[in-house]
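Only one structure is covered here, and it is reproduced in the block below.
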Amino acid sequence: MKGFVLWMTGLPGSGKSTLADEIKKIYPKFIILRMDEFRKIVTPKPAYSGLERDLVYRSLVYLAKMMTGQGHNVIIDATGNLRKWRTLARRLIPKYAEIYLKCPLEVTMKRERKRVYRHKAPKGIYKKGAKGWPVPGMNVPYEEPKKPELMIETDVVSVKESAGLVKKLLFRLSR
């Protein structure tokens, strides 16, 4: 299996980075594109405006497309709060699957308060959201996927079990 993209989408704190890391352990050749790290390069002082988000997400999709065109397998670890960005990826990348990590806002907020910051995620995102900062699921929309290839309720399913579900999905898609 070469040139495949898995987009892990869900609210901040839903478990995207944790699951991406677990998948990377199983499939070491996958390249993880983390929005939190990517944004720091593309917009060193992010404003999180609508225009900025659009440019950054479109750039991320293009990078994933280019990498898959070179035969790399990619995990996009990004909230992708608007469906249009995930739709763009689906349209441009032939081997694409969306994995929706569904988790109640209260749980994601609790996780975020306890988060160990390894991947440059903004700190205190939900506290900032309470003060008006644009946070998907709080004060900017998070458009749930209509037909993801896989949906995992991360408040119910463990990381190991989730990785097993992704492994089954990849097996099914590679046949």
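Any read-out appearing in this document is the output of simple, stated calculations on the displayed coordinates, not a laboratory observation. For clarity, every value in this text was computed on a predicted model and none was experimentally measured.
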Cα extents of the stretch 30-113 along the three principal axes, largest first (Å):
39, 28, 22
Under Karplus coefficients 6.51, -1.76 and 1.60, residue-wise ³J(HN,Hα) of the stretch 45-62 in Hz, glycine/proline x:
10, x, 9, 6, 6, x, 5, 4, 4, 4, 5, 5, 5, 5, 5, 4, 4, 4
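Quote the Stokes-Einstein diffusion coefficient, in whole µm² s⁻¹, for the chain, based on the Kirkwood radius over alpha carbon pairs, a temperature of 4 °C and a viscosity of 1.567 mPa s. Working shown, then result.
Values: Rh = 16.2 Å.
Translational D for this selection: 80 µm²/s.
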Given H placed 1.01 Å from N in the peptide plane, which residues other than close sequence neighbours of V140 have an amide H under 5 Å from its amide H?
V135
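Please state the relative contact order of the stretch 5-174 as a whole percent: Cα pairs under 8 Å, 6+ residues apart? Let's see the in-between values first.
Values: 241 pairs, mean separation 58.2, N = 170.
Normalised by residue count, the contact order of the stretch 5-174 is 34 percent.
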Kirkwood Rh and Cα Rg combined as Rg over Rh, evaluated for the stretch 87-161:
1.00
